[in-house]
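Pasting a structure here, questions to come.
Derivation of every value follows stated rules applied to the coordinates shown; laboratory data play no part. All values derive from a computational prediction rather than experimental measurement. Here the Cβ is made from the backbone with ideal geometry for all residues, glycine too, and neighbour counts use every protein chain on show.
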């Protein structure tokens, strides 16, 4: 236990002092803060404050070719009385070229058809469409009046909708999908980043022959568990900061979020989901860390590490793809199998719990299997680590390594 | 303390590396473990340190099974390595704590050895920023942490300059004086001769020689005489002696000849013969081989 604490403290301190980890965490935190503040940032740049006093239909920065009668009155209403007018299309084009106006309109007074002119049009500029919608609305209203209906009748027809509510007894996969998918992405990142970190720490110790000093001073069990737990805690802290940045950003900018997003967030994070997520994430993460640690100790040189860990990377990525694939069919046979097998249940089970109702028996079976796998692979990892400390040089097949490692006293 | 290596056998695959080796080391004496490359020195040391598990045989310390992790042992493996990205002091403290020291003891011990090897300027530097020689000193310092009772050093002198070798020899001498048990393997015979009281020579996984170095030298020189005469070349002298004493085995040696009497009492006859020759004698007396001579004789002749 004493040695475990020593190994844990040393490895944890080493992990936390890594400059790259600190910088990466800070950069991701800033990105998360920026992303969660996007609605506020967009509202700041959309100039909403200045437009408050203008009529709803006013389109700013526009000019038009002077028209007559009803068309002229409409143009003044839509574009504002102060909007510059030009005698003909040619003059309007010149004004656009000279950047006097950003957008120009030419309206045919007979049928209210129009032409919108831009010098350059940005992706988000919708002024031409807005103009068209207002003209269309006016044209329809006029037609209704001509057919004997009043303007009020027209408004009533427009607003007539069948009202209804939807009651979801289980999970709303529409609203939960985004959050569960984001949390799954987080697990994906944690496992890949820290898994590689643990395997390279061990491979480097072997490559630099530090391993021989370590195993003559303490037992491999203390070394492996100490390293895995230290990496695990470092990951929790690093990603805790990232989640914290997300929560802070969300809370600060909540008021600027569209209601659909607010509904997605508040609807998804229920206590059962959170507990399932935490259980499968933590145990699955530890399972993968042990696998990475074991594979890290099978190589003699750092350059052999990527090929040695490719098997576990493949296994994990397969779990990720399976989870993404089964999000739309959460109760299919493949999804159920994926949520029970520990290598994939780390991601598939929280996703299933997020988007559907999972039977308790399946949750229990998956949980028990996960714990059994963690214990077995921790044992195997310690054995392989011990085997690795004795074997340098030629590459050995994984099946042979496991056989020899388990045989070793 | 007495450490006994008893009938150790070790194979890798089908190949047996150690063929039942036995020897003993006592505290207060330094033992040099010698052998050519691939003779089995590092394998023996690794079995002793429980890096490898021997196939048969046992290691005993004062008649009890030797358990390295329960002892205070300073171990310097043949292939050294430490954490390149960590500060010197933090990893020395870590290694001392793994050997059972408390944080305070570990820090004190690490500071002492950093100072002893004149590495104070590098105390808080990352290992990778140090020169190769200084890295080597840190690796050696690691073995001395936490006042070990037993020192097991595999090729400790390799890569050390003469000044640092002297510092290292002094430290080993101190440990021996304090009654510690010291084993080290080396190819550098001069260092072994200077530092060790006992030697064990291993060849092809068998012990060829083991015991007190002075006694070994005497035994290896028993019945042999050394003669050199400045005004006669080796061939002429050799021919004349062979003619006068056909029973003698004559071996050219440095500037003179080693005369192996093969147990026969020829010393008086030789003296008379030299007197009759009436020519200057540079050296005549009992022959004591150096450790290098013994090493080459025991190991080289088997090639």
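Compute the helix-to-body angle for B:267-277: its Cα long axis versus the longest principal axis of chain B, expressed 0 to 90° and rounded to tens.
For helix B:267-277, the angle is close to 60 degrees.
May I pose another question? Which residue fluctuates most in the GNM of chain A (Cα springs below 10 Å): A:69, A:388, A:132?
A:69
Could you state the per residue volume, in Å³, of the convex hull enclosing the Cα atoms of region B:164-235? Don't jump to the answer; show the numbers that get you there.
Numbers: hull volume 12.5 nm³, N = 72.
It comes to 173 Å³ per residue, whole-number rounded.
Let me ask you something else. Which whole number gives the average count of other chain Cβ atoms within 10 Å of the Cβ atoms across peptide A:199-206?
Values: counts 0, 0, 1, 0, 0, 4, 3, 1.
Neighbouring Cβ atoms belonging to other protein chains average 1 per residue here.
Right, something else. Could you give the distance between the Cα centres of region B:194-216 and region B:273-300, to the whole Å?
Here the answer is 22 Å between Cα centres.
Could you give the semi-axes, largest first, of the ellipsoid that matches region A:62-152, computed as the square roots of 5 times the alpha carbon gyration tensor eigenvalues and rounded to whole Å?
Details: eigenvalues 134, 42, 20 Å².
Taking √(5λ) for each Cα gyration eigenvalue gives 26, 14, 10 Å.
Using alpha-carbon positions, what is the distance between the centroids of region B:50-120 and region A:334-366, in Å?
47 Å
I need to check one value: relative contact order of chain A, counting alpha carbon pairs closer than 8 Å and at least 6 residues apart, in percent.
Details: 478 pairs, mean separation 80.6, N = 409.
Taking the mean separation of contacting Cα pairs over the length of chain A, I get 20 percent.
Which percent, to the nearest 5, of DSSP beta bridges fully inside chain A are antiparallel? Present the calculation step by step, with values, prior to reporting the outcome.
Values: 5 of 10 bridges.
Beta bridges within chain A, antiparallel portion: roughly 50 percent.
Which ordering of A:184, A:263 is given by a fewest-first count of other beta-carbon atoms within 10 Å?
On the way: A:184 23, A:263 14.
Final ranking by Cβ density, sparse to dense: A:263, A:184.
Tell me the mean residue ellipticity at 222 nm calculated for chain B from its helices only (DSSP H runs of n ≥ 4, each -39500 (n - 2.57), averaged over every residue, nearest 500).
On the way: 10 runs with 105 residues, N = 303.
Estimated from H runs of four or more residues: -10500 deg cm²/dmol.
Oh, and also: Name the most mobile residue of B:83, B:94, B:75, meaning the one with the largest mean-square fluctuation, in a Gaussian network model of chain B with Cα contacts below 10 Å.
B:83
While we're on this one: Before anything else, pin down the relative contact order of region B:79-146: Cα pairs under 8 Å, at least 6 apart, normalised by residue count, whole percent. Kindly include the intermediate steps, with their values, before the conclusion.
On the way: 77 pairs, mean separation 31.3, N = 68.
Once divided by the residue count of region B:79-146, the mean separation gives 46 percent.
Can you give the Rg to Rh ratio of region A:241-382, both from alpha-carbon atoms, with Rh computed by the Kirkwood formula? Before the final figure, lay out the partial values.
On the way: Rg = 17.7 Å, Rh = 16.8 Å.
Answer for region A:241-382: 1.05.
Highest mean first, what order results for A:134-140, B:16-22, B:179-185 on Cβ atoms within 10 Å?
Numbers: A:134-140: 14.9, B:16-22: 18.6, B:179-185: 22.1.
Result, highest mean first: B:179-185, B:16-22, A:134-140.
Of all DSSP beta bridges located in chain B, what percent are antiparallel, nearest 5?
Values: 36 of 54 bridges.
Of those bridges, close to 65 percent are antiparallel.
Counting alpha carbon pairs within less than 8 Å and at least 6 residues apart, what relative contact order, in whole percent, applies to chain B?
21 percent
For the Cα atoms of chain B, what angle does the longest principal axis make with the long axis of helix B:103-116, in degrees from 0 to 90, nearest 10?
Long axis of B:103-116 versus the principal axis of chain B: about 40 degrees.
Once you place label points 7 Å from the Cα toward the Cβ at residue A:192 and residue A:151, how far apart are they in nm?
Going by the 7 Å Cα→Cβ label model, 5.9 nm.
A further question on this structure: Does the protein assembly as shown come out rounded, prolate or oblate by the C-alpha gyration tensor, with a ≥ b ≥ c the root eigenvalues, rounded set by a/c under 1.5 and, if not, prolate when a/b is larger than b/c and oblate if not? Could the numbers behind the result be given before it?
Numbers: a/c = 4.16, a/b = 2.89, b/c = 1.44.
Prolate shape, in that a/c is at least 1.5 and a/b is the bigger ratio.
Another one. Grab the beta carbon distance between residue A:41 and residue A:241, set R0 = 22 Å, and tell me the FRET efficiency rounded to 0.05.
Result of the calculation: an efficiency of 0.50.
Kindly put B:104, B:220 in sequence by how many other C-beta atoms sit within 10 Å of each C-beta, fewest to most. Write down the numbers at each step before the final one.
On the way: B:104 9, B:220 18.
Least crowded to most crowded, the residues run B:104, B:220.
Averaged over B:76-88, how many beta carbons belonging to a partner chain fall within 10 Å of each residue's beta carbon?
Details: counts 2, 6, 2, 4, 5, 11, 5, 7, 3, 4, 4, 1, 0.
Neighbouring Cβ atoms belonging to other protein chains average 4 per residue here.
Still on this model: Run through the DSSP bridge list for the protein assembly as shown and note the antiparallel percent, rounded to the nearest 5. Write out the running numbers ahead of the final one.
Numbers: 41 of 64 bridges.
In the protein assembly as shown, approximately 65 percent of DSSP beta bridges are antiparallel ones.
Cα axis of helix B:88-98 to longest principal axis of chain B: angle in degrees, 0 to 90, nearest 10?
For B:88-98 against chain B, the angle is about 90 degrees.
Just A:73, A:160, A:230 to compare: in a GNM of chain A, with alpha carbon springs under 10 Å, which one fluctuates most?
Taking springs between Cα atoms under 10 Å, the residue moving most is A:160.
Using the Cα gyration tensor of region B:224-286, with a ≥ b ≥ c the square roots of its eigenvalues, what is the shape: rounded (a/c below 1.5), prolate (a/b larger than b/c) or oblate (neither)? Mind dumping the intermediate values first?
Numbers: a/c = 1.43, a/b = 1.21, b/c = 1.18.
Rounded is the answer for region B:224-286, as its axis ratio a/c remains below 1.5.
For residue A:324 and residue A:380 in one chain, what is 0.36 nm times their gap in residues minus the Cα-Cα distance, to one decimal in nm?
On the way: separation 56, 0.36 × 56 = 20.16 nm, distance 3.00 nm.
Fully extending the segment from residue A:324 to residue A:380 adds 17.2 nm.
How crowded by other chains is B:98-104, given as the mean number of beta carbons from other chains within 10 Å of each beta carbon? Don't jump to the answer; show the numbers that get you there.
Working: counts 12, 6, 5, 1, 1, 2, 0.
That works out to 4 on average.
Could I ask something else about it? Can you give the calculated 222 nm mean residue ellipticity of chain A, where each DSSP H run of n ≥ 4 adds -39,500 (n - 2.57) and the sum is split over every residue, rounded to the nearest 500 deg cm²/dmol?
Values: 17 runs with 288 residues, N = 409.
After summing the helix terms and dividing by the residues of chain A, the value is -23500 deg cm²/dmol.
How would you classify chain B from its alpha-carbon gyration tensor, with a ≥ b ≥ c the square roots of the eigenvalues: rounded for a/c under 1.5, else prolate if a/b is greater than b/c, otherwise oblate?
Numbers: a/c = 2.80, a/b = 1.96, b/c = 1.43.
Judged from the Cα gyration tensor, chain B comes out prolate (a/c at least 1.5, a/b above b/c).
To the nearest 0.05, how large is the calculated FRET efficiency for residue B:71 and residue B:218 if R₀ is 35 Å and r is the Cβ-Cβ distance? Numbers along the way, then the final one.
Values: r = 34 Å, r/R0 = 0.97.
The value I calculate is 0.55.
Another question, if that's okay. Report the FRET efficiency, 1/(1 + (r/R0)^6), for residue A:33 and residue A:357, where r is their Cβ-Cβ distance and R0 is 41 Å, rounded to 0.05. If you can, show how the numbers build up before the last one.
On the way: r = 35 Å, r/R0 = 0.84.
The value I calculate is 0.75.
Counting other C-beta atoms within 10 Å, which of A:182, B:291 has the fewest, and how do the rest follow?
Listing A:182, B:291 from fewest to most nearby Cβ atoms yields A:182, B:291.
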